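Asker: Handing you a structure now.
The values are calculated or read from the model by the stated rules, or taken from the named source; none is laboratory data. Because the structure is a prediction, the values reported are computed rather than measured. Note that each Cβ is placed from the backbone with ideal geometry, even for glycine, and that neighbours are counted across all protein chains shown. Protein only, heavy atoms only, side chains kept; ligands, DNA and RNA dropped before computing areas. Shrake-Rupley method; radii C 1.70, N 1.55, O 1.52, S 1.80 Å.
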Amino acid sequence: MPMKSEVVRGLGFAVVAGSLVALSGLFGTGTLNLPVAWLYWTGLIGLGVWIGAAISVQIEPLLRPMPWMLQWLTYSVAMTVPMFGFVTVAQALIGYPIPLEGFISAGFKVWVVTAAITGIRMRDRGRRREGAPPAAIQEASLHEEDTQAEPGLPSAALPAPVLRRAKPELRGAKLLALSSEDHYIRLHTDQGEDLVLLRLSDAIGETGDLEGLQVHRSWWVAKDGIASITKRTEGGTITLTSGAEAPISRRSMAQVKEAGWLDA
């Protein structure tokens with residue numbers, strides 16, 4: 001599964017990068033014995049990888065149109081803020097607290113390490129994307145499968161086109177929803193779930209004639225996939241027929257009401 005490989009890749013990166021930085025003795029960790037310094041840096045970098053994935057989900061749609069260099073700078077600065085907080089706590093725990101007059105210098109060092117790690121991770125993702133089948137080949141493959149659809153069926157009765165990207169056992173399923181997870185889309189169906197490497201906007205474009213709405217920046221829901229809707233003070237929650245729950249943002253609640261979903 002793509003997500004499993006992402007987790008394994010992130011853990012492996014934390015171990016390798018943590019080992020290299022531990023040998024550098026940065027922030028006074030050179031006075032610690034090597035196993036403690038290794039745990040210190042591997043733990044911090046592993047935490048950084050996890051925080052980076054969370055931040056990426058939030059800001060990637062805004063950064064996608066920007067040049068790579070600007071994306072890298074924005075990611076690294078956004079990462080530096082929480083990481084500096086964790087480094088400050090970690091330094092106090094190992095007996096080397098950062099003095100007030102050294103905050104600017106320490107913050108810069110944290111940014112340097114964070115920027116280097118962020119750049120490496122972004123390049124790695126870029127190379128893996130380039131290794132994926134070109135869009136033209138994927139589209140040709142999808143078009144070829146289109147010609148094999150059962151004749152006589154109305155288009156609304158056919159599986160959503162995006163499901164042709166799913167594992168074979170889900171390609172004839174009923175699409176309930178789409179949710180964004182980092183660089184992947186989770187396909188929610190009445191027969192299970194799958195992850196595919198795709199942007200949410202592109203996945204929504206492949207839902208065909210299904211009636212649905214993007215109810216959150218990371219969720220699209222098909223009308224026929226709704227079991228119930230719960231209104232909250234701000235926004236709400238959609239429970240899918242599969243049992244999964246999709247959030248409705250405060251801004252999207254007006255669209256949900258206008259579509260008549262609450263009345264239904």
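Asker: Restrict the check to region 163-185 and report whether at least one residue is modelled with pLDDT of 95 or more, open to solvent by less than 30 Å² (accessible area, probe 1.4 Å) and touching a Pro at 6+ places or on another chain (Cβ under 8 Å).
Answerer: yes
Asker: While we're on this one: Out of region 220-263, which residues are of a type outside the set (Ser, Thr, Tyr), out of contact with any His (no Cβ under 7 Å at 6 or more places or on another chain), open to solvent by 30 Å² or more (accessible area, probe 1.4 Å) and in contact (Cβ under 8 Å) with a residue 24 or more places away in the chain?
Answerer: Across region 220-263, the qualifying residues are Lys223, Asp224, Ile226, Ile229, Lys231, Gln255, Ala259, Leu262.
Asker: I've got another one for you. For region 82-97, how many residues are surrounded by 14 or more Cβ atoms within 10 Å (Cβ to Cβ) and either under 30 Å from the mean Cα position of the chain (by Cα) or in a helix (DSSP H, G or I) (or both)?
Answerer: Residues in region 82-97 being surrounded by 14 or more Cβ atoms within 10 Å (Cβ to Cβ) and either under 30 Å from the mean Cα position of the chain (by Cα) or in a helix (DSSP H, G or I) (or both): 8 in total.
Asker: Among (1) within 23 Å of the chain's Cα centre (by Cα); (2) modelled with pLDDT of 75 or more; (3) not hydroxyl-bearing (Ser, Thr, Tyr), which single condition is Gly10 missing?
Answerer: (2)
Asker: Hey, among Leu32, Leu62, Leu44, which residue is modelled with pLDDT under 75, aliphatic (A, V, I, L, M) and more than 19 Å from Leu198 (Cα to Cα)?
Answerer: Leu32
Asker: Can you name the condition, by its number, that Arg129 falls short on among (1) under 24 Å from Asp182 (Cα atoms); (2) exposed (fewer than 13 other Cβ atoms within 10 Å of the Cβ); (3) at pLDDT below 85; (4) out of contact with any strand residue (DSSP E or B) (no Cβ under 8 Å at 6 or more places or on another chain)?
Answerer: (4)
Asker: Looking at region 20-39, I want the residues that are farther than 13 Å from Ile94 by Cβ and have a partner that is modelled with pLDDT of 75 or more with Cβ atoms under 6 Å, at least 6 apart or on another chain. Which pairs are those?
Answerer: Val21/Trp41
Asker: Still on this structure: Could you grab me the full set of residues in region 186-199 that are open to solvent by less than 20 Å² (accessible area, probe 1.4 Å) and under 18 Å from the mean Cα position of the chain (by Cα)?
Answerer: Leu187, His188, Asp194, Leu195, Val196, listed by residue number.
Asker: Return a yes/no flag: does region 196-205 have any residue that is part of a strand (DSSP E or B) and more than 21 Å from Pro161 (Cα to Cα).
Answerer: No: zero hits.
Asker: Taking region 217-254 only, how many residues are under 25 Å from the mean Cα position of the chain (by Cα) and farther than 21 Å from Lys174 by Cα?
Answerer: Selection size over region 217-254: 10.
Asker: Name the residues in region 98-119 that are surrounded by fewer than 13 Cβ atoms within 10 Å (Cβ to Cβ) and either at pLDDT below 80 or not in a helix (DSSP H, G or I) (or both), would you?
Answerer: Result: Pro99, single match.
Asker: Just a yes or no: is a residue in region 168-182 assigned to a strand (DSSP E or B), free of Cβ contacts under 8 Å to residues at least 24 places away in the same chain and small (Gly, Ala, Ser)?
Answerer: No, because not a single residue in region 168-182 is assigned to a strand (DSSP E or B), free of Cβ contacts under 8 Å to residues at least 24 places away in the same chain and small (Gly, Ala, Ser).
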